[in-house]
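The values are calculated or read from the model by the stated rules, or taken from the named source; none is laboratory data. The shown structure was predicted, so the numbers you read here are calculated from the model rather than taken from an experiment. Reconstructed Cβ throughout: ideal geometry from the backbone, glycine too, with neighbour counts over all protein chains shown.
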Amino acid sequence: MEKKSDEQLIKLIRRKTRKSELAFAGLLDRYNERLYWHVRKILITHEDTNDVVQNTWVKVYQNLHAFRHDSKFYTWLYRIATNEALSFLQKQKRTEADNLDEHLFNLSQSLESDEWFDGDEIQTKLQKAILKLPEKQRLVFNMKYFDEMKYQDIADILETSVGALKASYHHAVKKIEETIKAEIIEH
């Protein structure tokens, strides 16, 4: 199944044969780790990320018949994962903290205490600076910088224009630089 294209695997899944499970497992093998790290950059914690990724795969399986091939499969997959992660964040913000600063502080603290995060001091400062970005800028920065995605793919996932993404990325980089410089000056 590894050598089959996404389209071939999707056709096998849609046929609902014995090979459907193997084909879906092939998609899981191909994308699960990348999807995990994409969502992890949004949610920060391992447990929340696992829940959202699992929900993403359930939605993908349930809605695979609706995939129209007008975009790449992984773009469609990332859009679902991104939307699931953002929905999770919105619910968490409503239940956890009425105050955005408190919510960001909680995320920052969970980053430092997370056993799965093994970053050094510079990585921790970068991640904290990223957390201070507005949601859209944080998403664009993570996809472009860490995932090395093309602007067009990000535009397809976030359903926005390439020009807007370039502006968001530029603003995000500037804000991150300013935040890290300010922190260095404080210490």
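For this structure, a couple of remarks:
- Meets criteria (at pLDDT 90 or above and either touching a strand residue (DSSP E or B) at 6+ places or on another chain (Cβ under 6 Å) or among the charged types (D, E, K, R) (or both)) for ARG40: yes
- If you filter segment 69-113 down to residues that are among the basic types (Lys, Arg) and within 18 Å of GLN152 (Cα to Cα), you find that the one that is modelled with the highest pLDDT is ARG79.
- Filtered residue count, segment 146-169, keeping only those that are over 12 Å from the mean Cα position of the chain (by Cα) and part of a helix (DSSP H, G or I): 13
- Within segment 140-169, the residues that satisfy the criterion of being polar (S, T, N, Q) and surrounded by 19 or more Cβ atoms within 10 Å (Cβ to Cβ) are ASN142, SER168.
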